[in-house]
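Peer 1: Dropping the structure in here first, questions after.
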Amino acid sequence: MAEAPAKSAFTGHDQPAGAKSFILFRRPTAKTGLVAWLTTVDHKKIGMLYGFFAACFFLLGGVEALLIRTQLLVPNNHFVSAHFYSELFTMHGTTMIFLAVMPLNAAFFNLLVPIQIGARDVAFPRLNAFSLWVFVAGAIILNAGWFLKAGAPAAGWFGYAPLTSKTFTPDISADLWTVGLQVLGVSSIVASLNFIATIVNLRAPGLTMMRLPVFTWMALITSFLIIMAMPSIAIALVEVIFDRHFGTNFFEVSNGGQPILWQHLFWIFGHPEVYILILPAMGYISEILPTFSRRPLFGYPIVVFSGAMIGFIGFGVWSHHMFTTGMGTVATSAFALATMAIAVPTGVKIFNWIGTLWGGHLRMRPPMLFALGFIWLFMMGGFSGVMHSAAPADSQQHNSYFVVAHFHYVLIGGSTFALLAAIHYWFPKFFGRTINEFWGKVSFWVIFVGFNTTFFPMHFLGLNGMPRRTWTYDANMGWNEGNFISSLGAYLLGLGILIYLAAAVWSYFRGEKAGPDPWDARTLEWSIPSPPPEYNFAVIPTVHARDAWWYEKSHPAEIAREKSAHARDEAAHGGIHLPDQSWYPLVAAAGLLTAGLCFAHDNFVGAIAGGAILFAGIYLWSLEGPGGYHVHPETPADAASH
Amino acid sequence: MRRPLIPRKLAPCLRALPALAGLALLTGCWLDGRQSTFDVKGPVARAQLDLFMVTVYVTAVIFVVVGAVLAYAMIKFRARTAADERAEPPPQGHGNFLVEIGLVSASVLCLVIIAVPTLKNIWFTYEVPDVQRANAYEITATGYQWWFKFEYPAEQIDGVGPLVTGNELVIPAGRPVRVNLRTVDVIHSFWVPKLAGKVDMIPNRANHLWLQADQPGYYYGQCAEFCGDSHAIMRFRVIALGEKEFALWRANQEQPARSVAPATADAERKPRAVFASFTTHPGAALSGSAEFDADPFAAWQEKQRPDPAGENPALAAQGRRLFQEKTCIACHTIRGHEGVGVAGPDLTHVGARTTIAAGTLENTPQRMHDWIADPNHFKPGNKMFNGGYTDPATGRRLIVLNETEIDALVAYLQSLK
């Protein structure tokens, strides 16, 4: 992707004193081809790999959803077996959350965060590659069951104990699920620590926290949520793993275990997880709406603060997933009130987005359409969320299709629409071409209509008493029409996604060439060429205002002066330093993959061997050192100063 | 379901059109199902619905106001021409603190409107109100993969213990019923939408709920927590009876299983039932024929009456023998007859139930025949087939039943009124 810089004069590798030139693997230098992608430490390439894998899993999860909807097309259907259906909805949920939406957000964190803060990479580039490959390892472990006799995990995406115990799931599908999620947790925590370090330390001069682009703010808050939420599920998963492999009794009912404990630990993770999925979406929207309204975000400090509030309160509402577990009156009241409270900062965001539109010049390009669609649908999802906070009413809706409607409004109407908007918006930045506008708009309308046709009737199905995770239903329950329409809507939604992808793929090859700033945007990523060079910024920018690039555009003379001064300083320091590529992140992740798969199969020798590879990989990557080389690009500022 | 006689495959398509036009919302025709949370029949479900409607009204008002502003902004501020798009950017304002404070306050106010009745109803729905507690009738419901057992602690049978039924819970109408919720395996959830919201049955945790049916009637319920592959077909029924009728029902249930008159030479010559081989009719309900669904409560009452004329005593006697020989007794209790097992539903009065297989199939001889012949088709993974008919570890067949034997078993079980 990244073209070699115009004047890519490599000044040779720095050799820190005492470091060996190579251990086991020679440091790769390929800039193209498979080796370049496998060993890359460039945040843009890593972001694209995240995006590629996530897109594949998004399609897989979509196919699973269509099989589910086909089974429910008519009553008493036997299109798929009951067990295969359990596998489908378990893997649909797990895949969409952990293997599609989270890594798509990780893709955008990687692509955008360093550029938005005026940096040349993340704080720990090799660690970044490690989290990518660990994500791939976790995804493989989770999906391995499809190809094994045990089958895929089938206990639901929140795997309630004791359904995951040896008694009720004797095969290894539950082991693949627990180990897979555990591995994915490693990836998420590592990536989040990296982004926190990056955002805190690598901001360009002048980029104070309250000048950070809102997307980067949301990435920061999301990263904090991940490192605080993931340990909870890690503990819960360890307990299941110990119950299954080493005879402990955390959830073993006959020995006094408490399955309710799993629910608490799971949802202490699971509810922040919802915000882990939606806060980045709020970030994309807070970037896209100002650009296409040509106004700054309305109430920036309040949007940022409410994002932090959501993250904070998000840790105090987990038991609203458990209103029907007989918590008693006081606990139920506390969680009901906390849940209502979280609606306030969420509502505030919507008000501010509308405030951003107000008085703007709205340009209805595809990213803007998806962003506006997001506001409408997320608002709907928010309303049904408020309905759930009324705990006694929720005891009717809980685990019904009403809830299925609710969270798809939030996760498709919310997260996914925002991601579809973001892909359209930043596509020209990273591929140098805009996605065909006409087909982008067509895909928007097909997706919008398909989505609502699929999920709006589900509100009625739920209120009409249809439980979720229903392999089949009888013909006399009054659910036939709703399910039939919903399934047709799902096919339409699938068609819309195909149109969207086809337009994107076609545009990758044939789309209109885009300049550095096709949307007249406001943040720093639009100040550099499309696609960005490997080093992002020829000269590290100095930030003078919130929408830094918007400021630069209106103060060209000042900025040009400043840049040439910075370019001279940087040249005096030996040019732009970039880190070397490395095999070790991939090797370490392969070790984790081996360990995970062997452990799930009760092959402890293999698991220890995998662990040894993992530690060897990490040790050798520490030993090889960061390495690095210098580049000396011709900068526009140079040209101007000559 | 009362469906008109239009081709069944076409029906959903025809109905989709008006539904898509939004008529569903206006007429509420999608909310009249058998498990509708809108068609409430008791105080608990009514309180939950009333609270739900508060949330609907509040959010509807917000939706109209915010939606109108959003729609207005989208239309009014839209750049219509290329010139619009290239025009000088609008003023770069950064927000208005007073507006924000005002909107936050308004949101909080809206939430208070919801919060007050929420708190009130959390207490109301949790436990039978004090004034009625003495009058409450107690039931213990236990979840099994994939059926429900109901015990009546108030109805103790000498030398046996409490009265036990399966999958059809009969309660007194007009009286609060407190249901203890237990499970023997995984988490299940007890849900009768027209009477009360759900509460989970969690291992090692003594949960309960209360509900009340204001009028006698026939209500549909279902497990509402994923509990394994056949979760979707773990259904049950609640039948609420007037005081007198409830007393009669109890008296009959406390009787040991009914024995048919001894076989006579006459009976031997009675024609046997002829069963069609099992076929699925797309769109047809398995748990109720059209006649049944027209008035399930009447159908239930009809089911209570024995029909000696329609019975074949010789066949029923053969069925009773087979029930032992084929080891059905190991899992099913038939109180007063041979069965003593407790792993499966109590079948002492199975002939008087309207459904079998946990509310999945209407209790007709034909359906019972289908069920016994191939239980795994209707309820994949069920323990009658996996562990009873076959050894799940090896797949080896343990119980083989031919058509005649199934006929006899059906005749026997149907006679257990």
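The values are calculated or read from the model by the stated rules, or taken from the named source; none is laboratory data. Here the structure is a predicted model, which means the values were calculated and not measured. Here the Cβ positions follow ideal geometry from the backbone for every residue, glycine too, while neighbour counts run over all protein chains shown. Each accessible area value is taken on the protein alone, full model and side chains, heavy atoms only, with ligands, DNA and RNA left out. Shrake-Rupley method; radii C 1.70, N 1.55, O 1.52, S 1.80 Å.
Peer 1: If I take R0 = 45 Å and measure r between the Cβ atoms of A:Tyr551 and A:Phe147 in this structure, what FRET efficiency does the formula 1/(1 + (r/R0)^6) give, to the nearest 0.05?
Peer 2: Details: r = 54 Å, r/R0 = 1.20.
Working from the Cβ atoms, E equals 0.25.
Peer 1: How much accessible area does A:Leu593 have with a 1.4 Å probe, in Å² rounded to the nearest 10?
Peer 2: For A:Leu593, solvent-accessible area is about 40 Å².
Peer 1: Determine the per residue accessible area of chain A with all protein chains present and a 1.4 angstrom probe, expressed in square angstrom. Spell out each step's value before the answer.
Peer 2: Numbers: 20340 Å² over 642 residues.
For chain A, the per-residue accessible area is 32 Å².
Peer 1: What nm distance separates the two modelled labels at B:Val64 and B:Ala261, each placed 7 Å from Cα along Cα→Cβ?
Peer 2: Result: 7.0 nm between the two label points.
Peer 1: Connecting C-alpha atoms closer than 10 Å in a GNM of chain B, tell me which of B:Val116, B:Val164, B:Val260 has the biggest fluctuation.
Peer 2: Of B:Val116, B:Val164, B:Val260, the Gaussian network model singles out B:Val116 as fluctuating most.
Peer 1: With +1 on each Lys and Arg Cβ and -1 on each Asp and Glu Cβ, and nothing else charged, work out how big the dipole of the protein assembly as shown is about its Cα centre, in Debye to the nearest 20.
Peer 2: Numbers: 75 positive and 73 negative charges, 249 e Å.
Dipole size: approximately 1200 debye.
Peer 1: So which of B:Lys244/B:Lys383; B:Lys379/B:Lys417; B:Lys41/B:Lys383; B:Lys303/B:Lys383 end up more than 29 Å apart by C-alpha?
Peer 2: Values: B:Lys244/B:Lys383 37 Å; B:Lys379/B:Lys417 24 Å; B:Lys41/B:Lys383 34 Å; B:Lys303/B:Lys383 27 Å.
Pairs exceeding the cut-off: B:Lys244/B:Lys383; B:Lys41/B:Lys383.
Peer 1: If one computes the Cα centroid of segment B:175-212 and of segment A:514-538, what distance in Å separates the two points?
Peer 2: 59
Peer 1: Select from B:Val350, B:Ser289, B:Thr118 the residue farthest towards the positive end of the dipole of chain B; place +1 on Cβ of Lys and Arg, -1 on Cβ of Asp and Glu, and compute about the Cα centre.
Peer 2: The listed residue farthest towards the positive side: B:Ser289.
Peer 1: Hey, in the GNM for chain B with a 10 angstrom Cα cutoff, which one of B:Glu302, B:Glu151, B:Glu100 fluctuates hardest?
Peer 2: Residue with maximal mean-square fluctuation among B:Glu302, B:Glu151, B:Glu100: B:Glu100.
Peer 1: Determine the shape class of segment B:27-74: with a ≥ b ≥ c the square roots of the Cα gyration tensor eigenvalues, call it rounded for a/c under 1.5, and otherwise prolate if a/b is greater than b/c, oblate otherwise.
Peer 2: Here segment B:27-74 falls in the oblate category.
Peer 1: With label points built 7 Å along Cα→Cβ from the Cα atoms of A:Ala572 and A:Asp602, find their separation and express it in nm.
Peer 2: 6.9
Peer 1: Now for a separate question. Which of the listed residues, A:Thr416, A:His406, A:Ala234, is farthest toward the dipole's positive end in chain A, when Lys, Arg count +1 and Asp, Glu count -1 at the beta-carbon?
Peer 2: Value: A:Thr416.
Peer 1: Now a separate question. With all protein chains present, calculate the accessible area of A:Val404 using a 1.4 Å probe and round the result to the nearest 10 Å².
Peer 2: Spelled out: A:Val404, probe radius 1.4 Å, area about 10 Å².
Peer 1: Which whole-angstrom value gives the distance between the alpha carbon centres of segment A:118-146 and segment A:339-388?
Peer 2: Their Cα centres are 32 Å away from one another.
Peer 1: Turning to a different aspect of this structure: Taking accessible area as the heavy-atom solvent-accessible surface of the protein chains with a 1.4 Å probe, which residues of segment A:80-94 lose no less than 10 Å² upon going from the isolated chain to the full protein assembly?
Peer 2: Those residues are A:Ala82, A:His83, A:Ser86, A:Phe89.
Peer 1: For A:252-258, what's the mean count of beta carbons from other chains sitting within 10 Å of each residue's beta carbon?
Peer 2: 3
Peer 1: Related question: Find how many whole Å separate the alpha carbon centroid of segment A:70-103 from the alpha carbon centroid of segment B:351-378.
Peer 2: 28
Peer 1: Pairs of alpha-carbon atoms within less than 8 angstrom and 6+ residues apart define the contacts here; what relative contact order does chain B have, in percent?
Peer 2: This gives 15 percent for chain B.
Peer 1: Let me ask something else. If amide hydrogens are placed 1.01 Å from N in the peptide plane, which non-local residues have theirs closer than 5 Å to the one on B:Tyr137?
Peer 2: Amide H neighbours of B:Tyr137: B:Val177, B:Arg178.
Peer 1: Within the accessible area of chain A, what % is carbon and sulfur when the probe is 1.4 Å and the other protein chains stay in place?
Peer 2: Carbon plus sulfur share of accessible area: 71 percent.
Peer 1: Additional query: At a threshold of 8 angstrom on Cα-Cα distance, excluding pairs fewer than six apart, so keeping six or more, what relative contact order does segment B:265-414 reach in percent?
Peer 2: Working: 171 pairs, mean separation 42.2, N = 150.
The value is 28 percent.
Peer 1: Using the beta-carbon distance between A:Ala565 and A:Lys31 and R0 = 30 Å, what value does 1/(1 + (r/R0)^6) give for FRET efficiency, to the nearest 0.05?
Peer 2: 0.45
Peer 1: Within segment B:141-158, whose backbone N sits under 15 Å from a point 7 Å along Cα→Cβ of B:Arg175?
Peer 2: Residues B:152-156 fall inside that zone.
Peer 1: Can you list the trypsin sites (Lys or Arg not before Pro) in segment B:60-114 that are in a DSSP coil and have 12 or fewer other beta carbons within 10 angstrom?
Peer 2: Filter output for segment B:60-114: B:Arg80.
Peer 1: So, one more: Determine the shape class of chain B: with a ≥ b ≥ c the square roots of the Cα gyration tensor eigenvalues, call it rounded for a/c under 1.5, and otherwise prolate if a/b is greater than b/c, oblate otherwise. Provide the component values of the computation, followed by the final result.
Peer 2: Details: a/c = 2.55, a/b = 1.91, b/c = 1.33.
Prolate is the answer for chain B, as a/c is 1.5 or above and a/b outweighs b/c.
Peer 1: List, in order, the whole-Hz ³J(HN,Hα) value for each residue of segment B:238-243 obtained from phi through the Karplus relation with A = 6.51, B = -1.76, C = 1.60 and θ = phi - 60°; use x for Gly and Pro.
Peer 2: In residue order, the calculated couplings are 10, 10, 9, 10, x, 3 Hz.
Peer 1: Place a +1 charge on the Cβ of each Lys and Arg in segment B:265-414 and a -1 charge on the Cβ of each Asp and Glu, then give the dipole magnitude about the Cα centre in debye, rounded to the nearest 20.
Peer 2: I would put it at about 400 debye.
Peer 1: Using the crude model of +1 on Lys and Arg Cβ and -1 on Asp and Glu Cβ, and no other charge, please compute the dipole size for segment A:559-604 relative to its Cα centre, in debye to 20.
Peer 2: Result for segment A:559-604 is approximately 220 debye, rounded to the nearest 20.
Peer 1: PRE reach from A:Asn249 (point 7 Å along Cα→Cβ): which of segment A:162-179 fall under 20 Å by backbone N?
Peer 2: So the set is A:162-169.
Peer 1: What is the interface area between chains A and B, defined as buried accessible area summed over both chains with a 1.4 Å probe, reported in Å² to the nearest 100? Please report the intermediate quantities before stating the final value.
Peer 2: On the way: alone 24860 and 23080 Å², together 38970 Å².
Interface area, both chains combined: 9000 Å², rounded to the nearest 100.
Peer 1: Still on this structure, I have one more. Can you tell me the relative contact order of chain A? Whole percent, Cα pairs under 8 Å, sequence separation 6 or more.
Peer 2: This gives 20 percent for chain A.
Peer 1: Can you compute the FRET efficiency between B:Glu138 and B:Glu325 using 1/(1 + (r/R0)^6), with r the Cβ-Cβ distance and R0 = 41 Å? Round to the nearest 0.05.
Peer 2: For R0 = 41 Å, the calculated efficiency reads 0.60.
Peer 1: Taking chain B as a Gaussian network, Cα atoms linked when under 10 Å apart, which of B:Pro375, B:Pro91, B:Pro392 shows the biggest mean-square fluctuation?
Peer 2: In the Gaussian network model the winner is B:Pro91.
Peer 1: Let me ask something additional. In segment A:388-429, which residues give up 20 Å² or more of accessible area once the other protein chains are added, compared with their chain alone (1.4 Å probe)?
Peer 2: The answer is A:Ala390, A:Pro392, A:Ala393, A:Ser395, A:Gln396, A:His398, A:Asn399 - residues whose exposure falls by at least 20 Å² when every protein chain is included.
Peer 1: A follow-up question, please. I'd like to check one number: the per residue accessible area of chain B, probe 1.4 Å, reported in Å² as a whole number.
Peer 2: 45
Peer 1: For peptide A:298-304, what's the mean number of Cβ atoms from other chains within 10 Å of each residue's Cβ?
Peer 2: Mean number of neighbouring Cβ atoms from other chains: 4.
Peer 1: Only helical DSSP H runs with n ≥ 4 go in: add -39500 (n - 2.57) per run for the protein assembly as shown, normalise by residue count and round the 222 nm mean residue ellipticity to 500 deg cm²/dmol.
Peer 2: Mean residue ellipticity, 222 nm, calculated: -17500 deg cm²/dmol.
Peer 1: DSSP beta bridges in segment B:71-200, what fraction antiparallel, as a percent rounded to 5?
Peer 2: Percent antiparallel among DSSP bridges in segment B:71-200 is about 65.
Peer 1: So, one more: Under 1.5 on a/c is rounded, so check that first for segment B:173-230, then, if it is not, pick prolate when a/b is larger than b/c and oblate when it is not; a ≥ b ≥ c are the square roots of the alpha carbon gyration tensor eigenvalues.
Peer 2: Oblate shape, in that a/c is at least 1.5 and b/c is the bigger or equal ratio.
Peer 1: A further question follows. Find which of A:Gly185, A:Tyr551, B:Ile171 sits farthest along the positive direction of the dipole of the protein assembly as shown, computed with +1 on the beta-carbon of Lys and Arg, -1 on that of Asp and Glu, about the Cα centre.
Peer 2: With unit charges placed on the Cβ atoms, the residue in question is A:Tyr551.
Peer 1: Going by a 1.4 Å probe on protein heavy atoms, which residues of segment A:134-170 end up with at least 20 Å² less accessible surface in the whole assembly than in their chain alone?
Peer 2: Going by heavy-atom accessible area, the residues of segment A:134-170 that drop by at least 20 Å² are A:Tyr160, A:Pro162, A:Leu163, A:Phe168.
Peer 1: Could you rank the peptides A:548-556, A:594-602 by their average count of other C-beta atoms within 10 Å per residue, with the highest value first?
Peer 2: Ranking the peptides A:548-556, A:594-602 by packing returns A:594-602, A:548-556.
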